[in-house]
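Every read-out reported here was derived from the displayed coordinates using simple, explicitly stated rules and does not represent laboratory data. Here the structure is a predicted model, which is why all the values come from computation and not from measurement. Positions of Cβ are generated from backbone atoms using ideal geometry, with glycine treated the same way; all protein chains shown enter the neighbour counts.
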Amino acid sequence: MDTIRDNLKNIRATIAKTAINCGRNPDDIRLVAVSKRVPVASIQEAIEAGQLLFGENYIQEAEEKRASLPPEAALHFIGHLQSNKSNTAAKTFTMIETVDSVKLARTLNKHLNQLGRSMDILLQVNIGLDPRKAGALPENTKTLAKEILGFEHLRLKGLMTMPPLCQNAEEARPYFKALRLLSEDLQASSCFQPNISSVELSMGMSNDYTVAIEEGATLIRVGTAIFGNRQQ
Ligand SMILES: *Cc1c(COP(=O)(O)O)cnc(C)c1O
């Protein structure tokens, strides 16, 4: 039995069906397979099934895994980034989805400058004003985005959010919608990297990614539905 392969196949079919039903192009939605605390062997299985984009939450874990993964596999950082880990982060990831302060952006930019490269980033927004969640407050995002645009090695591509814990997927819908409306507001104020074809919205996980797609997600972050329950 090839469970990971089957799970990926089912999720890709659901993404396509959901997108088409709401008038979107399925190709505009990228699946980030969240592989935190998932062994490298399972990631390899996913790669063999055609999945090349992964999300990791812990810097050291991701750095160790990166070394055993083929170069075509890309990693997005989706955890809480401390400034003192941003040097490793700059080397390990193709995108950091969780930038939420000028201080972090500045440190990241400095390390990227030393490495002579640039990186795509997202601004993490605490859209539900949840004290237990990371992210910038919506009211601060415009100022923050404009400051981040000034950093030469960062390309601000869009927004990411984790809504407050919801009992069911429909409960998350207003938060996803609010993130989309915020991104439209920021886009109208030229807060994102100029000349990007579309603004990225990273939202939706195993339990609610279909609702997130209906509300405009371009990146969905799915772990459990692909890999099963994680190791502790
Ligand atoms: C763990 C995690 C996910 C994936 O959650 P699942 O419920 O396992 O799909 C998505 N986003 C972030 C930020 C996470 O930490």
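Quick one: Cα convex hull volume of the chain, Å³ per residue? The partial results should precede the final answer.
Working: hull volume 29.7 nm³, N = 232.
Normalising the Cα hull of the chain by residue number yields 128 Å³.
Which FRET efficiency, nearest 0.05, do ILE20 and THR143 yield, Cβ-Cβ r, R0 35 Å? Can you show the working numbers first?
Working: r = 38 Å, r/R0 = 1.09.
It comes to 0.35.
Direction-averaged shadow area of the convex hull around the Cα atoms of segment 1-135, nm²?
9.9
Along the principal axes of its C-alpha atoms, what lengths does segment 123-232 span, in descending order and rounded to whole Å?
41, 28, 25
Rounded to the nearest 500, what is the chain's calculated 222 nm mean residue ellipticity when only DSSP H runs of at least 4 contribute -39500 (n - 2.57) each, over all residues? Each step should come with its number before you reach the end.
Numbers: 9 runs with 98 residues, N = 232.
Dividing the helical sum by the residues of the chain leaves -12500 deg cm²/dmol.
Just how large is the dipole of the chain about the Cα centre, in debye to the nearest 20, putting +1 at every Lys and Arg Cβ and -1 at every Asp and Glu Cβ?
Details: 27 positive and 26 negative charges, 86 e Å.
With Lys and Arg at +1 and Asp and Glu at -1, about 420 debye.
In percent, what relative contact order does segment 113-232 have, based on Cα pairs under 8 Å that are 6 or more apart in sequence?
Details: 193 pairs, mean separation 27.6, N = 120.
Computed over segment 113-232, the figure is 23 percent.
If one computes P(r) from the Cα atoms of segment 145-189, what percent of pairs lie at distances over 14 Å? Let's see the in-between values first.
Working: 580 of 990 pairs.
So the pairs more than 14 Å apart make up 59 percent of the total in segment 145-189.
Quick check: residue separation of SER190 and CYS166 times 0.36 nm, minus the Cα distance between them. What number comes out in nm?
Numbers: separation 24, 0.36 × 24 = 8.64 nm, distance 3.22 nm.
Stretched out fully, the SER190 to CYS166 stretch lengthens by 5.4 nm.
Looking at the chain, what % of its DSSP beta bridges pair antiparallel, to the nearest 5? Could the numbers behind the result be given before it?
Values: 0 of 27 bridges.
Bridges in the chain that DSSP calls antiparallel: roughly 0 percent.
What length, rounded to one decimal in nm, is gained on full extension from ARG12 through to SER42, with 0.36 nm per residue of separation minus their alpha-carbon distance?
Details: separation 30, 0.36 × 30 = 10.80 nm, distance 1.78 nm.
Stretched out fully, the ARG12 to SER42 stretch lengthens by 9.0 nm.
Based on alpha-carbon atoms only, what is the radius of gyration of segment 78-120 relative to the globular estimate 2.2 N^0.38 Å?
Values: Rg = 9.1 Å, N = 43, 2.2 N^0.38 = 9.2 Å.
Dividing the Cα Rg of segment 78-120 by 2.2 N^0.38 Å gives 0.99.
If I take all pairs of Cα atoms in segment 19-74, what percentage of them are more than 14 Å from each other? Don't jump to the answer; show the numbers that get you there.
Numbers: 859 of 1540 pairs.
So the portion of pairs separated by more than 14 Å is 56 percent.
Ordered by packing density, taken as the mean number of other Cβ atoms within 10 Å over each peptide's residues, highest first, how do 62-68, 172-178 rank?
Working: 62-68: 15.6, 172-178: 19.9.
Peptide ranking by packing, descending: 172-178, 62-68.
Specify which residue in the list PRO194, HIS153, SER206 is farthest towards the positive end of the charge dipole of segment 127-216, using unit charges on the beta carbon of Lys, Arg (+1) and Asp, Glu (-1), about the Cα centre.
Checked the options; the winner is HIS153.
What does the charge add up to near MET162, with Lys and Arg as +1, Asp and Glu as -1, over the other residues with Cβ less than 13 Å from its Cβ? Don't jump to the answer; show the numbers that get you there.
Numbers: positive: ARG132, LYS133, ARG221; negative: GLU97, ASP100, ASP130, ASP208.
Local net charge: -1.
Springs between alpha-carbon atoms under 10 Å, Gaussian network over the chain: tell me which of ARG106, ARG180, ARG117 tops the mean-square fluctuations.
Greatest mean-square fluctuation among the candidates belongs to ARG117.
What net charge do the residues around GLN60 carry, taking every other residue with its C-beta under 12 Å from that of GLN60, with Lys and Arg at +1 and Asp and Glu at -1?
Working: positive: LYS36, LYS65, ARG66, LYS85; negative: GLU56, GLU61, GLU63, GLU64.
It works out to a net charge of 0.
Over segment 1-123, what is the mean sequence separation of C-alpha contacts under 8 Å (at least six apart), divided by residue count, expressed as relative contact order in percent?
On the way: 143 pairs, mean separation 21.9, N = 123.
RCO, segment 1-123: 18 percent.
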